[in-house]
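Each remark here refers to the structure printed beneath this line.
The values are calculated or read from the model by the stated rules, or taken from the named source; none is laboratory data. It should be emphasised that the depicted structure is a prediction, and the values quoted were computed from it without experimental measurement. Note: ideal-geometry Cβ built from the backbone for every residue, glycine included; neighbour counts use all protein chains shown.
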Amino acid sequence: MTFGVAAVLVAAARDRGVVLQERLWADWRGPPTATLMLSTSPSPSPHLARHRAHARRLLPSLEQLTDERDHVDPVGSSETIERFVAHLRERTRDGAKFPIVSDANADYGFRRNVLGLRPVGLAVSAAAIAISAIALGAVAVGAVDRDVRLLGAAVVASASAVVWWWRLSPRWVRVQADRYAKALLDAAEVLDPTDVGAPVRGAT
């Protein structure tokens, strides 16, 4: 029973995270991998030429990525990048061979899903603060006996609200999203230009 409830909660958190991801990517002007590989993005990768070379090496059939194409055909460039990134994701699914990519992806997913739950967390914290305030008010007028636990509950509820609002922010997710994107693109260094399932040249 407990496991079933936990599984449902985890699935709900993931669903909210996936929905949130679309809004985050819109705010970020695309997925982090795309912003790293587009020369027209606000923060292209300093290793852009190397990433493009790996795209040509691993997927020779891809249309070439260039600064000119990014300006003239940004949609086409983005589609090419998506194909390259999808290839990298498929080739790096083995966490034992690509621990850096796997860990970065897991941490990104966790942060994204937690942020997706922020409205729920804020609502629960606000309710706890309200209940604590009512209880403390009752103590102040002598309606109930003093209890230090009431003050402790109010402090914990207030701290929880601060954490949900300030610490668990889109910026908190973006930091890890960028780490995952960089790890995924860097993994191309050790991949051979063959089909999915081919051996890699080394470990990440």
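Here Asp192 passes the criteria (1) closer than 27 Å to Ala13 by Cβ; (2) modelled with pLDDT of 75 or more; (3) not hydroxyl-bearing (Ser, Thr, Tyr) except the one numbered (1). When restricted to residues that are surrounded by fewer than 15 Cβ atoms within 10 Å (Cβ to Cβ) and within 22 Å of the chain's Cα centre (by Cα), the range 65-81 contains 1. What are the residues in the range 53-105 that are out of contact with any helix residue (DSSP H, G or I) (no Cβ under 7 Å at 6 or more places or on another chain), in a helix (DSSP H, G or I) and of a type in the set (Ser, Thr, Tyr), if any? Passing the criteria: Thr80, Ser102. With respect to Leu20, determine if the residue is under 15 Å from Arg174 (Cα atoms), in contact with a helix residue (DSSP H, G or I) (Cβ under 8 Å, 6 or more places away or on another chain), assigned to a helix (DSSP H, G or I) and not small (Gly, Ala, Ser). So Leu20 passes the test. With respect to (1) surrounded by 13 or more Cβ atoms within 10 Å (Cβ to Cβ); (2) at pLDDT 95 or above; (3) more than 21 Å from the chain's Cα centre (by Cα), the lone exception for Leu62 is condition (2). Annotation note: Cβ proximity below 8 Å between a residue of the range 50-74 that is free of Cβ contacts under 8 Å to residues at least 60 places away in the same chain and a residue that is in a helix (DSSP H, G or I) and of a type in the set (A, V, I, L, M) (sequence gap 6+ or interchain) occurs for Arg52/Met37; Leu62/Ala55; Leu65/Met37; Leu65/Ala55; Leu65/Ile81. Annotation: of all residues in the range 24-41 being closer than 25 Å to Leu168 by Cβ and aliphatic (A, V, I, L, M), the one that is surrounded by the most Cβ atoms within 10 Å (Cβ to Cβ) is Leu36.
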